[in-house]
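Trainee: Here you go, one structure.
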Amino acid sequence: MGHVQPPAPVAEPAVLQRADSLPAKTPKKAALASFLGSTLEYYDFFIYGTAAALVFPKIFFPGGDPVVALLGAMATFGVGYLARPLGGVIMSHFGDKIGRKQALMITLVIMGVASIGIGFLPTYDQIGYWATALLLAGRLAQGFSAGAEAAGASTLTMEHSPEGRRGFFTSFVMTGYASGMVLSTVVFIPLAALPEEQLLGWGWRVPFWLSAVVLLVAYWIRTRLDEPPVFEETVETTKPKGIPAAEVLKTQWRDVLRVALVMLFSVMQTTFTVYALAYATGKGIGLDRTLMLTVNAVTIGLSMFTIPLAGIISDRFGRKKVLLVGSLGCAVTSFGYFWAISEHNIAMIFVFGFLNMSVFYSCWNGVWTVFFPEMFPAPVRYSGMAIGSQVGLILTGFAPAIATVLAQPGPGGWIPVAVFTVACLAVSAIAIATARETHKTPLEELGLPREQRPVCSSVSADA
């Protein structure tokens, strides 16, 4: 009887070894970290917008024509959006190469320091155009940070989320937007009631200084967050050898372009929160600024409840359906909102503001943060979303300035502004309709061509 060799020991597959060493998904912690980070980012971003509408034309620009000063302040608001693509490209490179968490820590600090610094700036009367230049520099830093924050927070949270609930957990990124917007508005309400001299002297600075509190809390939470398991696995296996931005533009340029066009939806938001505030409180209409700040705070505050609801609905019925309903609803209610302002109809201002921001715009805010990263595979996910979304946001940033130019004197002067907003919503809706539905696609298969997906995988709606 011959010698029988014992069976060779079965080696443990490398994939299983990696799986054992990878950190577990922590969707709740990721959602909280993204919520707080977005709260800071949007609080800082929108205290600037509120100040640009109410204060900056009077203290950072030379006296004279108030329309020119307002246009200048609106333009500095828009300049922040010019810096967003640069921030998105640079920080998404580190986010795809080194880690989502590390990139988000940097963006958080940049935004906090820039905003606190704006609160200490001298005015035009003190140092002339140097004050305008310093304000512009602070706004550029805010834009650089914001350009990376939304894409990074969305990517990280989506990758930590359980299957079938990605929309719900990722919606907390923009629930943070609502929280930050409400905080920025609530802080300004009592300050807006100050006598003009005190508001222009020290009152406007307080909201910028208070961003230090949110910065410290958000930074502490993010230090305790792990990288998503899918990213850790990507680092060991399919990490891009070159520049992620170049790779995604080479392989998925259509999806990057689609994201940019879909992002025109957000023109509705800056038109509502920044231009409409300046229009309603200006000399032509003359509504009380505290009243309009309250409208912003209440309608966007209520969206803290409707944004997660939109995410839940998109998990069940699909991303595209929710987004298309939102675009149609915003198109109709934007006309109603401006009409109500022109008629000084306070009750209808609240009604149309609620429908526009709390209901239909929440369909957008509850879904785009998961819809975009689901278009790309893990190795280039941060870069693909950041580049597309931030390029699309350039027009959004300049929407208040464009609206200021388009507005005409007289009762119906708001109509060209509403038409411009609806045109942007229409382009966004067309781009949404051409996208793939991804709400049922497994995380590991997102962004992959059909021929690269496992044969045994479940049937996907990503067709």
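Trainee: Rounded, prolate or oblate: which one fits the stretch 178-292, using the alpha carbon gyration tensor with axes a ≥ b ≥ c (rounded when a/c is under 1.5, else prolate when a/b beats b/c, else oblate)? Walk me through the intermediate numbers first.
Mentor: Values: a/c = 3.90, a/b = 1.79, b/c = 2.18.
Taking the square roots of the gyration eigenvalues as a ≥ b ≥ c, the stretch 178-292 is oblate.
Trainee: Can I ask one more? Run the accessible area of the chain with a 1.4 Å probe and give the carbon-and-sulfur part as a rounded percent. Walk me through the numbers on the way to the answer.
Mentor: On the way: 12890 of 18170 Å².
About 71 percent, which is the carbon plus sulfur part of the accessible surface.
Trainee: Given points 7 Å out from each Cα along the Cα-Cβ axis, report the Val298 to Trp209 separation in nanometres with one decimal.
Mentor: Using points 7 Å along Cα→Cβ, the separation is 3.1 nm.
Trainee: On to the next question. For q values of 0.09, 0.16 Å⁻¹, compute log₁₀ I(q)/I(0) with the Debye formula on a Cα-only model of the stretch 305-459, without solvent.
Mentor: Reported log10 I(q)/I(0), two decimals: -0.37, -0.96.
Trainee: Report the full-extension gain for the segment Ile430 to Phe317: residue separation times 0.36 nm, less the Cα-Cα distance, to one decimal in nm.
Mentor: Working: separation 113, 0.36 × 113 = 40.68 nm, distance 1.91 nm.
Computed gain between Ile430 and Phe317 is 38.8 nm.
Trainee: To continue, here is another question. Quick check on packing: order 333-339, 410-416 by the mean number of other C-beta atoms within 10 Å, highest mean leading. Don't skip to the answer; put the middle values down first.
Mentor: Numbers: 333-339: 22.9, 410-416: 15.4.
Packing order, densest peptide first, comes out as 333-339, 410-416.
Trainee: Another one. Over all directions, average the projected area of the Cα convex hull of the stretch 70-165 and note it in nm². Spell out each step's value before the answer.
Mentor: Working: hull surface 29.9 nm².
Mean projected area for the stretch 70-165: 7.5 nm², to one decimal.
Trainee: Which far-off residues, 5 or more places away or on another chain, put their amide H under 5 Å from the one on Glu437, with H placed in the peptide plane?
Mentor: Correct list: Ala463.
Trainee: In addition: Take the chain, drop everything but the C-alpha atoms, weight them equally and run the Debye formula without solvent; then report log10 I(q)/I(0) at 0.10 Å⁻¹ to two decimals.
Mentor: -0.68
Trainee: When the Karplus curve 6.51 cos²θ - 1.76 cosθ + 1.60 is applied with θ = phi - 60°, which whole-Hz ³J(HN,Hα) does each residue of the stretch 281-287 get, with x for Gly and Pro?
Mentor: Going residue by residue, I get 9, x, 5, x, 9, x, 6 Hz, with x marking Gly and Pro.
Trainee: Which helices of the chain meet both criteria: a Cα extent of 15 Å or more along the helical axis and a mean Kyte-Doolittle score no lower than 1.6, with helices taken as whole DSSP H segments?
Mentor: Details: long enough: 27-54 (39 Å, 0.53); 66-97 (48 Å, 0.92); 100-118 (28 Å, 1.43); 129-160 (46 Å, 0.44); 172-192 (29 Å, 1.68); 205-222 (27 Å, 1.37); 289-317 (40 Å, 1.10); 319-342 (35 Å, 0.89); 381-406 (37 Å, 1.14); 415-434 (29 Å, 2.32).
Membrane-span-like by this rule: 172-192, 415-434.
Trainee: Same structure again: So what is the relative contact order of the stretch 338-425, in percent, for Cα pairs below 8 Å that sit 6 or more residues apart?
Mentor: Details: 33 pairs, mean separation 23.2, N = 88.
26 percent.
Trainee: Solvent-accessible area per residue for the chain at a 1.4 Å probe radius, Å²?
Mentor: Details: 18170 Å² over 463 residues.
I get 39 Å² per residue for the chain.
Trainee: Excluding Leu324 itself, calculate the net charge of residues whose Cβ lies under 15 Å from the Cβ of Leu324, where each Lys or Arg counts +1 and each Asp or Glu counts -1. Each step should come with its number before you reach the end.
Mentor: Values: positive: Arg258, Arg319, Lys320, Lys321, Arg436; negative: Glu437.
Its environment carries a net charge of +4.
Trainee: Which parts of the stretch 321-335 would a label at Lys440 reach, counting a residue when its backbone N lies under 17 Å from a point 7 Å out along Cα-to-Cβ?
Mentor: Backbone N within reach: 321-322.
Trainee: Do the sum for the chain: with -39,500 (n - 2.57) for every DSSP H run of n ≥ 4, divided by all residues, what is the mean residue ellipticity at 222 nm, to the nearest 500 deg cm²/dmol?
Mentor: Working: 22 runs with 323 residues, N = 463.
Result for the chain, helices only: -22500 deg cm²/dmol.
Trainee: Mind running the shape call on the stretch 378-437? Use the C-alpha gyration tensor, a ≥ b ≥ c as the square roots of the eigenvalues: rounded below 1.5 for a/c, prolate if a/b tops b/c, oblate otherwise. Write out the running numbers ahead of the final one.
Mentor: Numbers: a/c = 6.56, a/b = 2.13, b/c = 3.08.
Cα axes put the stretch 378-437 in the oblate bin.
Trainee: Pairs of alpha-carbon atoms within less than 8 angstrom and 6+ residues apart define the contacts here; what relative contact order does the stretch 314-463 have, in percent? Before the final figure, lay out the partial values.
Mentor: Numbers: 149 pairs, mean separation 48.9, N = 150.
Relative contact order for the stretch 314-463 comes out at 33 percent.
Trainee: Considering only Cα-Cα distances, which of the following residue pairs are longer than 21 Å: Lys28/Lys320; Lys28/Lys97; Lys58/Lys283; Lys29/Lys101; Lys28/Lys321; Lys321/Lys440? Walk me through the intermediate numbers first.
Mentor: Values: Lys28/Lys320 25 Å; Lys28/Lys97 25 Å; Lys58/Lys283 14 Å; Lys29/Lys101 12 Å; Lys28/Lys321 26 Å; Lys321/Lys440 14 Å.
Too far apart for the 21 Å limit: Lys28/Lys320; Lys28/Lys97; Lys28/Lys321.
The values are calculated or read from the model by the stated rules, or taken from the named source; none is laboratory data. The structure displayed is predicted, hence computed values, not measured ones. Ideal geometry is used to build each Cβ from the backbone, glycine not excepted, and the neighbour counts take in all protein chains shown. What goes into the accessible areas is simple: the full protein's heavy atoms, side chains included, and nothing from ligands, DNA or RNA. Shrake-Rupley method; radii C 1.70, N 1.55, O 1.52, S 1.80 Å.
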